Amino acid sequence: MGSGETAPPMIKPHRRIFDAVNDGGPVDAVMLDTPFGFQENHGELTEKTLQYFDQSIGRPMAAAGLRRSDDGDTVAIEQALARIRSADLVFAGPGSPTFALRQWAPTSVPDVLRSRLREGGAVVFSSAAALTLGRRTVPVYEIYKVGAEPVWLEGMDVLGEIGLPVAVIPHYDNNEGQTHDTRFCYLGETRLAMLEAQLSDDEFVLGVDEHTGVLLDLDADTAEVFGKGGLTIRRLGVSRVIPAGETVAIDVLRRGDVGGLEPDPAVGTGADPASTAAGAPDGATAGDRADAASLDADVARAEAAFDAAITARDADAAVAAVLACEQAIVDWSADTNQSDADDRARAALRAMIVRLGAAATDGLVDPRETLDPVVTAILNLRGVVRAEKRYDLSDVIRDELAAASIEVRDTPDGVEWVLL
């Protein structure tokens, strides 16, 4: 999976994978918690992920407990490795690929993952963890955040077990940079081209878009792309995109078959990366695809519904929009790739609540509609008083209404009132 491994759109794919293991029987699922083992909120991330599988997928998962292997706790390490060896399904997600590789290299983790493939189990890796599956791994943080020169790290080569001499690059269609190229897991075209030049003749890039995955069925020998984007086979700037919904033989991937396509038009052209991201359908930008399934998109829809409700003075619809925004935050809460979007969503929710309070003060319903029966009754009483020539009482009624910001106007066509 390219990203979004704990997001709502990945619920069905996860369930399908669980159902395929042990012919739908009980599945011993384990999460490799190493990729984010260095983070101070390691416990919180672990809990959120396990909760996602338990509540959203409806399948329990346990943490391997392999936060790191360099802390000297031999007993804990061996216990974690035993859990992984006995697992039917091994899952790992976001964090640092460099840290994960450093912790896994001295252990049997790479061999255990290969054995899972040989023995009919499942390996589900996403984001940072997906980077480690190939023969080569991109040290993303070191390059993008620290400024290290683009070089490959040696990956676990788990996919080499099934004949794929690849470098897996998730977040392939990332567009967070907006004004600068952050495709290819934040590398951009220039740095990816530099890395490609370092690959051997048989090696190539396998790119997985965000909120997209590829299901490699080793029994059927097929690769099925699912999600919102595509799977890209790329050799030295020449790309072939297999869009979501399509299935090809794994041999297509083994050959690194780019189908004789021309180089990516964005290569060396200075084109706007947001409009030429690999795999973008005609007329669609990477940003458009990101809007297809994201917390930002769900919040935008809730905000639009809220605006329409306020304009229509529909209190029930406005409350429903606020609740929809809150539910979107809950639904996407397990997706650690949405941290910035989560902040934006909470800000939008707070703004809606403030506006709802202001609207309630101002009156979501036209206050004339609420006051009309009462004011009409008072004015009818005033008419009776005037008919009896009790003008002093008539003036008292008018003055009291004026004190309540209701102006009474006697016109040739009758009595009118205006709410000031």
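The values are calculated or read from the model by the stated rules, or taken from the named source; none is laboratory data. Since the model is a prediction, treat every value here as computed from it, not as a measurement. Cβ sites come from the backbone with ideal geometry, for glycine too, and all protein chains shown count toward neighbours.
For residues in the range 20-73 being under 20 Å from Pro9 (Cα atoms), of a type in the set (S, T, N, Q) and out of contact with any strand residue (DSSP E or B) (no Cβ under 9 Å at 6 or more places or on another chain), which is surrounded by the fewest Cβ atoms within 10 Å (Cβ to Cβ)?
Across the range 20-73, the extreme among qualifying residues is Gln55.
Would you mind listing the helices (runs of 4 or more DSSP H) fully within the range 3-104 where at least 2 residues are among the hydrophobic types (A, V, I, L, M, F, W, C) and within 29 Å of Val146 (Cα to Cα)?
97-104
Yes/no matrix, rows are residues, columns are (1) crowded, with 18+ Cβ neighbours inside 10 Å; (2) at negative phi; (3) under 20 Å from the mean Cα position of the chain (by Cα):
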residue	(1), (2), (3)
Leu131	yes, yes, yes
Leu153	no, yes, no
Asp173	yes, yes, yes
Gln178	no, no, yes
Asp181	yes, yes, yes
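Considering only the range 113-129, state which residues are in a helix (DSSP H, G or I), surrounded by 19 or more Cβ atoms within 10 Å (Cβ to Cβ) and either of a type outside the set (D, E, K, R) or under 22 Å from the mean Cα position of the chain (by Cα) (or both).
Selection gives Leu113, Ser127, Ala128, Ala129.
Would you mind telling me which numbered condition in (1) at pLDDT below 95; (2) in contact with a Gly (Cβ under 9 Å, 6 or more places away or on another chain) Asp201 fails?
(2)
Have a look at Ser69, Ser86 and point out the one that is of a type in the set (Ser, Thr, Tyr), touching a residue at least 40 places away in the same chain (Cβ under 8 Å), assigned by TED's automatic domain parsing to the domain that holds Leu216 and at negative phi.
Among Ser69, Ser86, only Ser86 is of a type in the set (Ser, Thr, Tyr), touching a residue at least 40 places away in the same chain (Cβ under 8 Å), assigned by TED's automatic domain parsing to the domain that holds Leu216 and at negative phi.
Table: residues versus (1) part of a helix (DSSP H, G or I); (2) farther than 20 Å from Glu5 by Cβ; (3) without any contact (Cβ under 8 Å) to a residue 24 or more places away in the chain.
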site: Ala300; (1), (2), (3): yes, yes, yes
site: Phe306; (1), (2), (3): yes, yes, no
site: Ala309; (1), (2), (3): yes, yes, yes
site: Asp316; (1), (2), (3): yes, yes, yes
site: Leu323; (1), (2), (3): yes, yes, yes
site: Gln327; (1), (2), (3): yes, yes, yes
site: Ala334; (1), (2), (3): no, no, no
site: Ala341; (1), (2), (3): yes, no, no
site: Ala347; (1), (2), (3): yes, yes, yes
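Condition first: among the β-branched types (Val, Ile, Thr) and loosely packed, with under 12 Cβ neighbours inside 10 Å. Now tell me which residues in the range 406-420 satisfy that.
Across the range 406-420, the qualifying residues are Thr411, Val418.
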